[in-house]
Amino acid sequence: MHHIQESGERIQANVERVIVGKHREVRIALVALLCRGHLLIEDVPGTGKTVLAKAIARSIGCTFRRIQFTPDLLPSDVTGLSIYNQKTQEFEFRPGPIFAQVVLADEINRATPKTQSALLECMEERQATIDGITHMMPEPFLVIATQNPIEYEGTFALPEAQLDRFMLKLRMGYPEPAEEIVILDEQKRTHPLDALTDVISAADLYALQAATREVYVDPAVSEYIVRLVGATRVHPDVYLGASPRGSIALYRASQALAALLGRDYVIPDDVKELAESALAHRVIVKTSSTIRDIEPGQVVREVVDAVPVGSEKPVGRMGGPRDIGDREPGVR
């Protein structure tokens, strides 16, 4: 797994030439990338959501398209449409911007539910059906969507089915004052994004994604994941808990994080590190609890603190027995 760790470090270092002081957030984005999962970034404007997507696309040598979601955007504006060619007297398919390897769905909650639903098949089945003909998405394929959490006028909340398609969700947050000074200095003359080049190819990434799925997950760790997700369904403040897709997302993401840290096996600290990013957006809090300012992220943190890990000892294929409660350096 050292080649995954080395490639991940190169990508992360390249992205962090542009995204300053967001080591954990960039790593979570790389986890989604290695898992062939999609990423939802929720934060206020100007915190680097679009720049992060562009930096990732340039670092892996993939095609990049940006879709600016607005209330008048149509599903065909996303997926494409068939146009009649009078010369050939046949319909020709004109692919939409979704047919790119990295797609930025900017302010996705500004589009109508009908347009949002056009992404469901693309994100889950990695295909789009237009006029009865199925068109496959390119590989690798990653959707990075952004939304503003504070401006609700003229927006449409993402339905649960749409949120469930995103493997991970993160917030960028404001930089520290010292980091913001670095950002100002780096953009004094030009944007550092303009000088960014790829460090791996799309073919290399596809191979890394396949290798990530070979990371060993002990049955005890799988059981721990299931107990965590199950606890979200019976929490007193929760109306609807995380789905089985949430369990799969947490399982895959833990594999990717372990690989990025140079291990060929998953430990519970990997699961704990990613639990909030993988499960919080899949949890619906009761109305009576939202009045008390109870948030999904708080529920997931409570579940992680309450559910015991257990005492089983998984065995890594490249190492000896290891207590699954042991803490790996660099993982909180």
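A few comments on the model shown:
- Counting only residues that are of a type in the set (A, V, I, L, M, F, W, C), under 23 Å from residue 54 (Cα atoms) and more than 21 Å from the chain's Cα centre (by Cα), the stretch 194-224 holds 2 of them.
- Some residue of the stretch 45-55 being in contact (Cβ under 8 Å) with a residue 24 or more places away in the chain, farther than 16 Å from residue 191 by Cβ and surrounded by fewer than 18 Cβ atoms within 10 Å (Cβ to Cβ): yes
- Options 24, 17, 66; residue that is touching a Pro at 6+ places or on another chain (Cβ under 7 Å) and surrounded by fewer than 24 Cβ atoms within 10 Å (Cβ to Cβ): 17
- Cβ-Cβ contacts under 8 Å between residues 6 or more apart (or on different chains), taken from a first residue in the stretch 163-176 that is closer than 10 Å to residue 48 by Cβ to a second residue that is among the β-branched types (Val, Ile, Thr) and outside any loop (DSSP other than H, G, I, E, B), are listed as 172/41; 175/183.
- The residue list 28, 11, 98, 83 contains one member that is farther than 30 Å from residue 217 by Cα and at pLDDT 90 or above, which is 98.
- Of the criteria (1) buried (at least 17 other Cβ atoms within 10 Å of the Cβ); (2) out of contact with any strand residue (DSSP E or B) (no Cβ under 8 Å at 6 or more places or on another chain), which one residue 253 fails: (2)
A quick yes/no check of all residues on (1) part of a loop (DSSP other than H, G, I, E, B); (2) outside the structural domain of residue 148 (by TED's automatic domain parsing); (3) in contact with a helix residue (DSSP H, G or I) (Cβ under 8 Å, 6 or more places away or on another chain); (4) at pLDDT 90 or above:
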{"residue": "175", "(1), (2), (3), (4)": "yes, no, yes, no"}
{"residue": "184", "(1), (2), (3), (4)": "no, no, no, no"}
{"residue": "220", "(1), (2), (3), (4)": "no, yes, no, yes"}
{"residue": "227", "(1), (2), (3), (4)": "no, yes, no, yes"}
{"residue": "246", "(1), (2), (3), (4)": "no, yes, yes, yes"}
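- Between 231, 157, the distinction of being under 23 Å from residue 279 (Cβ atoms), at pLDDT below 90 and small (Gly, Ala, Ser) belongs to 157 only.
- Selected residue (only one of 302, 276, 312 is within 23 Å of residue 30 (Cβ to Cβ) and either out of contact with any Asp or Glu (no Cβ under 8 Å at 6 or more places or on another chain) or at pLDDT below 90 (or both)): 276
- For the residues 11, 19, 41, 4, the requirement of being in contact with a helix residue (DSSP H, G or I) (Cβ under 6 Å, 6 or more places away or on another chain) and assigned to a loop (DSSP other than H, G, I, E, B) singles out 19.
- Close pairs (8 angstrom Cβ cut-off, 6 or more residues apart or separate chains): among the acidic types (Asp, Glu) in the stretch 229-241, not in a strand (DSSP E or B) anywhere: 237/286; 237/289; 237/294; 237/299
The values are calculated or read from the model by the stated rules, or taken from the named source; none is laboratory data. Please read all numbers here as calculations on a predicted model, not as lab measurements. Backbone-built Cβ (ideal geometry, glycine too); neighbour counts: all protein chains shown.
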